[in-house]
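Here is the structure we will look at.
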Amino acid sequence: MEDNSIQSGNTVTVNGQIGIKIDKKFRVMLQVFNLFNTRAHAIDYYYISRLPGEPDAGIGDRHFHPIESRSFRINLVGNF
């Protein structure tokens, strides 16, 4: 909330990157996101929402977006 009466907890994720040079022009990079597959919220929001059957004034609650699960990316990088 704007008065700071409701706060989210901290979230820590670990990402990593490693690469190898193939020759003078090319290298391969491996990136890992969310290395430890942390299950947490990437961001939290607090606002009043209303679902069918709930009071007309709505209910204040936290809404969140979860952190993406572990993922990998491989890049081939060239210097021309």
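I'm trying to understand the selection: among the residues of region 12-21, which are closer than 30 Å to residue 80 by Cβ and either open to solvent by less than 60 Å² (accessible area, probe 1.4 Å) or out of contact with any strand residue (DSSP E or B) (no Cβ under 6 Å at 6 or more places or on another chain) (or both)? Lay out the reasoning, then the answer.
First, the residues of region 12-21 that are closer than 30 Å to residue 80 by Cβ: 15-21.
16, 19 - these are the residues of region 12-21 that are closer than 30 Å to residue 80 by Cβ and either open to solvent by less than 60 Å² (accessible area, probe 1.4 Å) or out of contact with any strand residue (DSSP E or B) (no Cβ under 6 Å at 6 or more places or on another chain) (or both).
Could you check region 25-53 and list, in sequence order, the residues that are farther than 16 Å from residue 75 by Cα and among the basic types (Lys, Arg)? Walk me through how you get there before you give the answer.
Looking only at region 25-53, we keep the residues that are farther than 16 Å from residue 75 by Cα, and these are 34-53.
39, 50, listed by residue number.
Filter region 8-24 for residues that are of a type in the set (Ser, Thr, Tyr) and closer than 14 Å to residue 76 by Cβ and give the result.
At the first step, the residues of region 8-24 found to be of a type in the set (Ser, Thr, Tyr) are 8, 11, 13.
Passing the criteria: none in range.
So how many residues does region 2-31 have that are closer than 25 Å to residue 68 by Cα and out of contact with any Lys or Arg (no Cβ under 7 Å at 6 or more places or on another chain)? Even if it seems obvious, please write down each step before you answer.
Initially, region 2-31 is screened for residues closer than 25 Å to residue 68 by Cα, giving 6-19, 28-31.
Filter once more, so that each one left must be out of contact with any Lys or Arg (no Cβ under 7 Å at 6 or more places or on another chain): 6-18, 28-30.
Selection size over region 2-31: 16.
Just name the residue that is nearest to residue 5 (Cα to Cα) out of those in region 22-60 that are open to solvent by less than 90 Å² (accessible area, probe 1.4 Å) and in contact (Cβ under 8 Å) with a residue 40 or more places away in the chain.
46
Checking the structure you have, find out if any residue of region 3-11 is open to solvent by less than 90 Å² (accessible area, probe 1.4 Å), over 15 Å from residue 62 (Cα atoms) and in contact with a strand residue (DSSP E or B) (Cβ under 6 Å, 6 or more places away or on another chain).
No.
I need the full set of residues from region 61-80 which are open to solvent by less than 90 Å² (accessible area, probe 1.4 Å), over 30 Å from residue 10 (Cβ atoms) and modelled with pLDDT of 95 or more, in order please.
Scanning region 61-80 gives a single hit, 75.
The values are calculated or read from the model by the stated rules, or taken from the named source; none is laboratory data. Everything quoted here is computed from the prediction, not taken from an experiment. FYI the Cβ positions are ideal-geometry reconstructions off the backbone, even for glycines, and counts take in every protein chain you see. All accessible areas refer to the heavy atoms of the entire protein, side chains included, with ligands and DNA or RNA removed. Shrake-Rupley method; radii C 1.70, N 1.55, O 1.52, S 1.80 Å.
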